[in-house]
1. Looking at segment 61-81, which of its residues are in a loop (DSSP other than H, G, I, E, B), surrounded by 11 or more Cβ atoms within 10 Å (Cβ to Cβ) and charged (D, E, K, R)?
2. If you check ARG12 against the conditions, is it in a loop (DSSP other than H, G, I, E, B), without any contact (Cβ under 8 Å) to a residue 40 or more places away in the chain and either surrounded by fewer than 13 Cβ atoms within 10 Å (Cβ to Cβ) or under 30 Å from the mean Cα position of the chain (by Cα) (or both)?
3. In segment 111-150, how many residues are at negative phi, surrounded by fewer than 16 Cβ atoms within 10 Å (Cβ to Cβ) and in a helix (DSSP H, G or I)?
4. Quick one: in segment 39-60, of everything that is touching a residue at least 60 places away in the same chain (Cβ under 8 Å) and not in a loop (DSSP other than H, G, I, E, B), which residue is farthest from LEU112 (Cα to Cα)?
5. Which of the residues that make up segment 89-105 are in a strand (DSSP E or B) and either among the hydroxyl-bearing types (Ser, Thr, Tyr) or surrounded by fewer than 16 Cβ atoms within 10 Å (Cβ to Cβ) (or both)?
6. Among the numbered conditions (1) over 17 Å from ARG61 (Cβ atoms); (2) modelled with pLDDT under 85, tell me where HIS124 comes up short.
7. Any idea which of ALA203, ALA186 is out of contact with any Pro (no Cβ under 8 Å at 6 or more places or on another chain) and either at pLDDT below 75 or in a helix (DSSP H, G or I) (or both)?
8. May I ask you to verify whether ASP156 is free of Cβ contacts under 8 Å to residues at least 12 places away in the same chain and out of contact with any Lys or Arg (no Cβ under 8 Å at 6 or more places or on another chain)?
Amino acid sequence: MRAFHMPEPFVRAVEVLYKAATTSIKLNCEEGRPFGNTAGIRQGCPLSPLLYIFVQEVQMRMLREDERIRGIPIPDHDGHAPAADGPVMKERGLVDDVMVAIASPASVPPLLETLDRFESMSNHRMNVDKTMLLLLGTHGNFDPKGDSGAARQLRDRGLTRTHDLRVDGPMRMPDKWHGIILGNAAGTEAEWRGTVAEAAQRATDLATSAMPYGSRGRTAQAASRVLGKAKATLQCTQCRTTKRWSTESWRSCNSQ
């Protein structure tokens, strides 16, 4: 926090707050013995998100200031075509979700080196299970299973999930970016067909439940397992033929 030029009284207050902090685990209504916290932030504390942002900002700056990591050129604020000396998109972050855009496989080694340095100093670890390599543009034919140095380094980190954004036809990425489904209209329609089929199968399975019909338990079970994924979308999805929301539409959505 001092590196970010935070006021010294604030820094000392946070140090006092975390000095000799302990945590207890409650299991089966029994609270265990407290143990000291050597890392992490207080759960439920309104200050915790801000403290975590300080840590993540260090990683963002390390990625942003490393000139070996070349980002993807994007149009400027006037919409002019991307230029060598124009703006680039390199790093984006929201809390603990990080996206890095690189122009070519040549930026993979310095990128992994920077991530390794941040992990060593912060005790963070990249969640490989939730990490995906998106292929697009000139280097969209990059083969993560190939013999290149970048491909080998990615495999050594355990990164095997890839998705080619250049494919034609229905396209639906298996993951979301901050709750936003990435893909085209055909892929979204195909995803909805799968969701409806899954909900129908769950409803059929629930029909054999031992709970009495009309009971609160059966209703709650059906609402969570069948309508859990689609409830918000079904309530607030705008019809394609309607250009904008009316006041009555919002009232109807908010009252449900």
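The values are calculated or read from the model by the stated rules, or taken from the named source; none is laboratory data. Everything numeric in this text was worked out from a predicted model, so none of it was measured. Don't worry about glycine lacking a Cβ; one is built from the backbone with ideal geometry, like all the others, and counts go over all protein chains shown.
1. ASP66, ARG68, ARG70, ASP76
2. no
3. Adding up the residues that qualify gives 13.
4. The residue in question is VAL55.
5. Listed by number, the residues that qualify are MET89, ARG92, GLY93, LEU94, ASP97, MET99.
6. (1)
7. Unique residue meeting the criteria: ALA203.
8. So ASP156 passes the test.
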